[in-house]
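Here the structure comes first, spelled out in structure tokens, and everything after it is commentary.
The values are calculated or read from the model by the stated rules, or taken from the named source; none is laboratory data. It should be emphasised that the depicted structure is a prediction, and the values quoted were computed from it without experimental measurement. Backbone-built Cβ (ideal geometry, glycine too); neighbour counts: all protein chains shown. All accessible areas refer to the heavy atoms of the entire protein, side chains included, with ligands and DNA or RNA removed. Shrake-Rupley method; radii C 1.70, N 1.55, O 1.52, S 1.80 Å.
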Amino acid sequence: MFRGRDRIEIKTVGEIDAMRRAGLVVARTLQRVADITVAGAKTADLDSCAADSIRDEGAEPSFLGYHGYPAHICVSVNDEVVHGIPGDRIIREGDLVSIDCGAIVEGWHGDAAISVLVGEVEPEVADLSRVTEQALWAGLAAARPGGRLSDIGHAVESCIRSQGEHFGIVEEYVGHGIGSRMHMDPAVPNYGRPGRGPRLLPGMALAIEPMVTLGPAEVHVLDDDWTVVATHGVTASHWEHTVAITEDGPWVLTALDGARP
Ligand code: MF3
Ligand code: CO
């Protein structure tokens with residue numbers, strides 16, 4: 001069912017339960033992949049791990065074949081912001097590795113991303129990941145009934161801005177509605193003024209995904225037509241969760257404990 005002129009999909013309780021099962025597949029898969037994200041690993045090894053995990057869980061990968069995407073996860077290292085394609089690259093001590101994963105259960109989607117710090121990293125890189133994750137949680141907390149869509153981006157932006165002037169917020173890529181498809185209306189930017197846009201209603205589900213840079217936020221796409229890199233070569237972090245808006249508040253479907261209110 002779709003609600004209002006904004007055409008945002010409203011899920012039944014049973015459909016949200018299927019999304020929770022997909023979310024848990026994503027959460028457990030990311031945990032397994034994070035465990036093998038160590039110096040010396042090849043990014044393609046991370047992809048095999050995710051492929052096995054998603055299939056063993058009885059779910060389907062949502063990224064493989066999406067607009068021709070050739071892998072099960074995105075692996076974006078250092079100045080790669082999002083949509084890095086796993087391959088022969090070797091992960092090294094000090095790297096920040098963003099891993100993005102999606103899975104489908106009974107036709108319902110989950111989508112999440114984490115940043116993994118490999119061994120000893122520069123303190124500012126650790127800060128970047130911490131701030132990005134914290135901004136994600138600020139956005140998730142704003143995903144509650146009665147609020148408006150732009151409250152989420154406002155919460156994300158305010159959190160990042162309060163942590164220092166040197167962080168950049170990538171504006172070209174945004175979060176999204178999610179449910180019977182991975183990418184649905186509405187777009188969920190990581191910035192903006194509060195109190196605008198559609199009202200948030202129980203049964204909506206959103207993927208919130210701040211992408212933050214350690215310096216200027218300009219990005220461009222590499223010749224592989226996928227990998228988004230920071231134009232100035234600065235390190236970037238990406239964190240993402242799928243959240244359902246429930247009567248009681250946000251239910252973080254891709255968090256292992258659900259962070260249920
Ligand atoms: N999960 C990404 C997002 O957060 C999309 C990945 S694009 C794909 O929106 F092609 F890799 F699937
Ligand atoms: Co997403």
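Out of the residues in segment 21-78 that are acidic (Asp, Glu) and more than 17 Å from the chain's Cα centre (by Cα), which is nearest to Met182 (Cα to Cα)? Explain how you work it out, then say what you get.
Looking only at segment 21-78, we keep the residues that are acidic (Asp, Glu), and these are 35, 45, 47, 52, 56-57, 60.
Still in the running and more than 17 Å from the chain's Cα centre (by Cα): 35, 45, 52, 56-57, 60.
Working: Asp35: 26, Asp45: 24, Asp52: 21, Asp56: 21, Glu57: 19, Glu60: 12 Å.
The residue in question is Glu60.
May I ask you to verify whether Glu209 is among the acidic types (Asp, Glu), within 19 Å of Val116 (Cα to Cα) and in contact with a His (Cβ under 8 Å, 6 or more places away or on another chain)? Please lay out each step first, then the result.
On the way: among the acidic types (Asp, Glu): yes; within 19 Å of Val116 (Cα to Cα): yes; in contact with a His (Cβ under 8 Å, 6 or more places away or on another chain): yes.
In short, yes.
Take Leu206 and decide whether it is more than 16 Å from ligand 2 (Cβ to nearest atom), modelled with pLDDT of 95 or more and either at negative phi or under 17 Å from the mean Cα position of the chain (by Cα) (or both).
Values: more than 16 Å from ligand 2 (Cβ to nearest atom): no; modelled with pLDDT of 95 or more: yes; either at negative phi or under 17 Å from the mean Cα position of the chain (by Cα) (or both): yes.
Taking the combined requirement at face value, the residue does not satisfy it.
Select from segment 182-240 the residues that are charged (D, E, K, R), within 16 Å of ligand 1 (Cβ to nearest atom) and not in a loop (DSSP other than H, G, I, E, B) and list them in ascending order.
Residues of segment 182-240 that are charged (D, E, K, R), as a first pass: 185, 193, 196, 199, 209, 218, 223-225, 240.
From what's left, within 16 Å of ligand 1 (Cβ to nearest atom): 185, 209, 224-225, 240.
Result: Asp185, Glu240.
Can you go through Val97, Val121 and tell me which one is open to solvent by 10 Å² or more (accessible area, probe 1.4 Å) and more than 14 Å from ligand 1 (Cβ to nearest atom)?
That would be Val121, the only listed residue that is open to solvent by 10 Å² or more (accessible area, probe 1.4 Å) and more than 14 Å from ligand 1 (Cβ to nearest atom).
Test His154 against the criterion of being within 16 Å of ligand 2 (Cβ to nearest atom), of a type outside the set (Asp, Glu) and modelled with pLDDT of 95 or more, and give yes or no.
Numbers: within 16 Å of ligand 2 (Cβ to nearest atom): no; of a type outside the set (Asp, Glu): yes; modelled with pLDDT of 95 or more: yes.
Spelling it out, it is not the case that His154 is within 16 Å of ligand 2 (Cβ to nearest atom), of a type outside the set (Asp, Glu) and modelled with pLDDT of 95 or more.
Check Ser129, Ser162 and return the single one that is surrounded by fewer than 17 Cβ atoms within 10 Å (Cβ to Cβ) and either polar (S, T, N, Q) or within 16 Å of ligand 1 (Cβ to nearest atom) (or both). Don't jump to the end; show me each part of the working.
Numbers: Ser129 fails: surrounded by fewer than 17 Cβ atoms within 10 Å (Cβ to Cβ).
After ruling out the rest, the residue left standing is Ser162.
Taking Arg144 as the residue in question, decide whether it is open to solvent by 20 Å² or more (accessible area, probe 1.4 Å) and under 16 Å from Thr246 (Cβ atoms).
Yes.
Here's the yes/no breakdown for (1) polar (S, T, N, Q); (2) in contact with a strand residue (DSSP E or B) (Cβ under 8 Å, 6 or more places away or on another chain); (3) within 20 Å of Val228 (Cβ to Cβ):
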{"residue": "Glu122", "(1), (2), (3)": "no, no, no"}
{"residue": "Ala143", "(1), (2), (3)": "no, yes, no"}
{"residue": "Arg148", "(1), (2), (3)": "no, yes, no"}
{"residue": "Ser162", "(1), (2), (3)": "yes, no, no"}
{"residue": "Ala187", "(1), (2), (3)": "no, yes, yes"}
{"residue": "Tyr191", "(1), (2), (3)": "no, yes, yes"}
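So which residues in segment 33-49 are more than 14 Å from Ile85 (Cβ to Cβ), open to solvent by 50 Å² or more (accessible area, probe 1.4 Å) and outside any helix (DSSP H, G or I), if there are any at all?
The answer is Ile36, Val38, Ala39, Gly40.
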